[in-house]
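Notes follow once the structure below has been shown.
The values are calculated or read from the model by the stated rules, or taken from the named source; none is laboratory data. Being a predicted model, the structure only gives us computed values, none of them experimental. So basically every Cβ, Gly included, is an ideal-geometry build from the backbone, and we count neighbours across all protein chains shown. Protein only, heavy atoms only, side chains kept; ligands, DNA and RNA dropped before computing areas. Shrake-Rupley method; radii C 1.70, N 1.55, O 1.52, S 1.80 Å.
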Amino acid sequence: MLFYSTNLKSPSISFREALLQGQAPDKGLYMPETIPQVSNELLQRLPEMSYPELACELMYPFMMEDISKETLAAITKDAYDFAVPLEQVYDRKYVMRLDQGPTASFKDFAARMMGRLINHFLQQNNQKLLILTATSGDTGSAIAHAFYGLDSIRVLVLFPEAEVTNRQRKQMTTLGKNIGVVALDGKFDDCQALVKQAFADTDLRHMNLSSANSINIGRLVPQMVYYFYAWSRLAKAGEKATFCVPSGNFGDMMGGMLAVQMGLPVHRFLIAVNDNDEFPKYLSSGDYLKIEPSRNCISSAMNVGHPSNLARLVALYGGNMDEKGIIHQQADLNRMNRELWSVSVDDRKTRDTIREAWEQHRLLLEPHGAVGWAGLHEYLGQYPENHAGELFVSLETAHPAKFPEEINRLLGFDPELPPSLMHLEDKPEIFEKIPTDYQGFKKFLTVNYRG
Ligand SMILES: *Cc1c(COP(=O)(O)O)cnc(C)c1O
């Protein structure tokens, strides 16, 4: 099993190499050359398997040359020690809650696998890694928790002190062990700039720096599993499901597309975006225009004007798009439009949806999941054939308790905290403040992260 770069100018490499490398040298994204097929026999066995068992069985073909099935089984068992609730809302319309992990967002599913896989491969070669990551809030905590306590990896998270919420900061600074955290008196872009400069600095080569960025193949593969899981729990024999995915960088929906290519019975994928509507426009016109700067919406993790995983989607449909968003070969848009459907949902509609879902169904959504739920209903409205008997699953990607202000304003109460967010207030915080100049940062690195 080899992985090629979507820019087609780097050699194909193994899963292990692609995982440790992240982005391809030609700035493309790694994709599997062939997509493993799930047999009917396995599809029929899925309902009896636990989430970790299912994850191991489905991911193994992507990495079988690099890891034993026993090791992978141990890793999935350790990574997925939380529930994946499927909440029936009405008829056969469900919400899949991907918010029960340690940082209460769906990013835990991929980050926890990626951390454990990287740690395993490093240990095999007795290597160590220092992961530098700049965050505006959520990514930093997902990465910090995913790598927490792993022996071969140290993590340093940089965040802009004035731009993260108390809860976000505490999710990073109360960990300790191998997770270092520094606050900058600057903006997210300043944090990002320091990290980039450190990667380019040859003086720091010996430190074995790496990033855990969102386009790593190790974050994509685990995201196909929960689609199989939902189907295995809800579908009748051989029945096709329709999924609705609230999307920003398109990693989540690409996981779903991978599942379809592997043989998951799916009727259609619905992709709901916020005001950043470059994708629905592309789907209907074939013209791709990124949105710069991206538009600010309350579903803030989806404020993406040029989704980096789009190149992967275009590649799956026979086209070619580079990292800047330029299309060198058009994708098969007819097929794309048969298999995908996309809609933009603005903040007003998002807020109305949070209110209505609660009033009509006692369904508690936060802004990202509400974009998905609204998108599903736009689709049902546009195709008013009787959908009552069909299976629909909309994804909720974060826990409502991460957005207490918005929920309280709309519904008049504070969402209950999940166990992962409880007791954060009482835990001691450890972080240092550093200046925003590169020389100061470099000195901090060399003093604190020697050898
Ligand atoms: C990252 C994120 C998204 C968007 O997922 P993509 O894979 O980037 O499309 C949606 N909701 C939440 C809560 C997120 O953190």
I need the full set of residues from the range 293-350 which are surrounded by fewer than 14 Cβ atoms within 10 Å (Cβ to Cβ), in a loop (DSSP other than H, G, I, E, B) and away from the ligand (no atom under 16 Å from the Cβ), in order please. Pro293, Gly318, Lys324, Ile326
Residue that is nearest to the chain's Cα centre (by Cα) [pool: residues in the range 265-291 that are within 30 Å of Leu42 (Cα to Cα) and open to solvent by less than 10 Å² (accessible area, probe 1.4 Å)]: Ile271
Flagged in the range 106-117 as open to solvent by 10 Å² or more (accessible area, probe 1.4 Å) and away from the ligand (no atom under 16 Å from the Cβ), in numbering order, are Arg116
Condition first: in contact (Cβ under 8 Å) with a residue 24 or more places away in the chain and over 15 Å from the mean Cα position of the chain (by Cα). Now tell me which residues in the range 292-312 satisfy that. Cys297, Ile298, Gly305, His306, Ala311
Conditions: (1) surrounded by 22 or more Cβ atoms within 10 Å (Cβ to Cβ); (2) away from the ligand (no atom under 16 Å from the Cβ); (3) more than 17 Å from Glu396 (Cα to Cα). Glu65 meets all but one. Number of the miss? (1)
Note on the range 124-148: residues open to solvent by 10 Å² or more (accessible area, probe 1.4 Å), in contact (Cβ under 8 Å) with a residue 60 or more places away in the chain and farther than 15 Å from Phe159 by Cα are Gln127, Lys128, Leu129
What number of residues within the range 93-105 satisfy the criterion of being more than 10 Å from the ligand (Cβ to nearest atom), open to solvent by 10 Å² or more (accessible area, probe 1.4 Å) and within 23 Å of His423 (Cβ to Cβ)? 3
Looking only at the range 388-421, and only at residues there that are more than 23 Å from the chain's Cα centre (by Cα) and more than 25 Å from Ala230 (Cβ to Cβ), the one that is modelled with the lowest pLDDT: Glu405
With the checklist (1) within 29 Å of Gly372 (Cβ to Cβ); (2) assigned to a loop (DSSP other than H, G, I, E, B); (3) open to solvent by 50 Å² or more (accessible area, probe 1.4 Å) in hand, flag the one item Val84 doesn't pass. (3)
Among the candidates Lys107, Lys93, which residue alone is in contact with a strand residue (DSSP E or B) (Cβ under 6 Å, 6 or more places away or on another chain) and basic (Lys, Arg)? Lys93
Could you tell me whether any residue of the range 186-206 is more than 16 Å from the ligand (Cβ to nearest atom), in contact with a Phe, Trp or Tyr (Cβ under 6 Å, 6 or more places away or on another chain), under 28 Å from Ile75 (Cα atoms) and open to solvent by 10 Å² or more (accessible area, probe 1.4 Å)? no
Can you run down the residue pairs with Cβ atoms below 9 Å, 6 or more apart or on separate chains, where the first is in the range 251-265 and touching a residue at least 24 places away in the same chain (Cβ under 8 Å) and farther than 18 Å from Phe106 by Cβ and the partner is of a type in the set (Phe, Trp, Tyr) and away from the ligand (no atom under 16 Å from the Cβ)? Met262/Phe228; Pro265/Trp231
Checked the range 270-292 for anything among the hydrophobic types (A, V, I, L, M, F, W, C) and away from the ligand (no atom under 16 Å from the Cβ); matches are Leu289
Residues of the range 156-185 classified as open to solvent by 60 Å² or more (accessible area, probe 1.4 Å) and without any contact (Cβ under 8 Å) to a residue 60 or more places away in the chain, total: 5
Which one of these does Cys56 not meet: (1) part of a helix (DSSP H, G or I); (2) out of contact with any helix residue (DSSP H, G or I) (no Cβ under 9 Å at 6 or more places or on another chain)? (2)
Residues of the range 87-135 being assigned to a strand (DSSP E or B) and polar (S, T, N, Q), in sequence order, are Gln88, Ser105, Thr133
